[in-house]
Amino acid sequence: EPTSAMEQRNSRRHFLGTSAAAAAMAATLTAASPAYAAGAKNSVYFSNVKDGDTVPTKFTYKFEVTGYELSPAAAGLKEGTGHHHLVIDGPKAFVPPGEAIPFDDTHKHFGKAQTEGELELAPGKHKLTLQFANANHQSYGKEFAKTVTVNVKAD
């Protein structure tokens, strides 16, 4: 039965080709996933503002990252690196993994690897979300997001 032996070989080749493609895709996804520092807790956080804090209309905020390295966007894509973004009163608690962070008034980019910024907000409650992303401004997702609500007091 030459046909059935040929079919088996073709089927095996198809299986091996599919397996190799799946392994390559898994490796790519792993490289892009926020698990770079083995055993480290991957996170971002504000180092000088806590949830519920009262702040003046103009204030400086500082932020940190653990598990990944801070790197300017101009340095290009490199596994385990990225830069901060600040989402002001955004609609979501985090930007989904792989989604590009928009360039608009709600999303502040710190593509030069800055670790602080100054913000001026109207009095009232405001939601600030710190989001870490790669050199292409693609989010690392929930694990690399931190949201705090601040009460802005009139000067």
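Here are the numbers for this structure:
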quantity: Region 43-153: C-alpha gyration tensor shape, a/c 1.5 cut-off, then a/b vs b/c; calculated: prolate
quantity: Estimated distance in nm for a label pair at Glu118 and Lys58, the labels positioned 7 Å out from Cα along Cα-to-Cβ; calculated: 0.6
quantity: Gain on full stretching of the segment that runs from Ala75 to Lys92 - 0.36 nm per residue minus C-alpha separation; calculated: 3.3 nm
quantity: Peptides ranked, highest mean first, by Cβ atoms within 10 Å: ranges 48-55, 82-89; calculated: 82-89, 48-55
quantity: Thr66 versus Lys142: modelled label distance in nm, points set 7 Å from Cα along the beta carbon direction; calculated: 2.0
quantity: FRET efficiency, Glu99 to Lys153 (Cβ-Cβ, R0 41 Å, nearest 0.05); calculated: 0.75
quantity: Shape category assigned to region 77-119 from the gyration tensor of Cα positions, a/c cut at 1.5; calculated: oblate
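No lab work stands behind these numbers, since they all come straight from the coordinates. Being a predicted model, the structure only gives us computed values, none of them experimental. Cβ atoms come from the backbone with ideal geometry, glycine included; neighbour counts cover every protein chain shown.
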